[in-house]
1. Multiply the residue separation of residue 12 and residue 52 by 0.36 nm, subtract the distance between their alpha-carbon atoms, and state the gained length in nm to one decimal.
2. Could you tell me how many degrees, from 0 to 90 and to the nearest 10, lie between the Cα long axis of helix 11-35 and the main elongation axis, the longest principal axis, of the Cα atoms of the chain?
3. Would you calculate, for the chain, the mean residue ellipticity at 222 nm contributed by helices, counting each DSSP H stretch of 4 or more residues as -39,500 (n - 2.57) and dividing by all residues, to the nearest 500?
4. For residue 67, what is the net charge nearby, where nearby means another residue's Cβ is under 14 Å from its Cβ and Lys, Arg count +1, Asp, Glu -1?
5. For the chain, with only Lys/Arg (+1) and Asp/Glu (-1) charged at the beta-carbon, what is the dipole magnitude about the Cα centre, in debye rounded to 20?
6. Against the longest principal axis of the chain, how steep is helix 48-67, in degrees 0 to 90 to the nearest 10, with axes from Cα atoms?
7. Do any trypsin sites (Lys or Arg not before Pro) in region 2-72 lie in a loop, going by DSSP, with at most 11 other beta-carbon atoms within 10 Å of their beta carbon, and if so which?
8. Against the empirical 2.2 N^0.38 Å scaling, what ratio does the C-alpha Rg of the chain come to?
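What follows is calculated from the coordinates using simple rules that are stated; it is not laboratory data. Just so it is clear, the model here is predicted, and its values are computed rather than measured. Counting neighbours? That spans all protein chains shown, and the Cβs are built from the backbone with ideal geometry, glycine included.
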Amino acid sequence: MKNIIKSIGDLRVSVVLFLLFALFCALATFIESAYGTPTAWAMVYDTFWFEYIQLLLGINLLCGMFRYKMFGLKKLPLMIF
């Protein structure tokens, strides 16, 4: 179980997921400015793969929180920012 949390909550995985998320958000911004908001929503924001990236980012965040034991009162300020 610990190996799964370590591999999913790995910082390299976080970086790749954030880069993909930023790339597709930027792509959606260009699509929206050229073709309108409904087109951007249909081509990027409402797709299963964009939601899958968001889900993986959330799971990655939770695994990282468990990995670095971010649930104590001493580390609470880190969670806020």
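1. That works out to 12.6 nm of additional length.
2. Once rounded, the angle reads 20 degrees.
3. It lands at -23500 deg cm²/dmol.
4. Taking every Cβ under 14 Å from that of residue 67, the sum is +4.
5. Magnitude of the dipole: close to 740 debye.
6. Its long axis makes an angle of about 20 degrees.
7. Within region 2-72, the qualifying trypsin sites (Lys or Arg not before Pro) (loop, at most 11 other Cβ atoms within 10 Å) are 69.
8. Scaled against compact globular proteins, the figure is 1.37.
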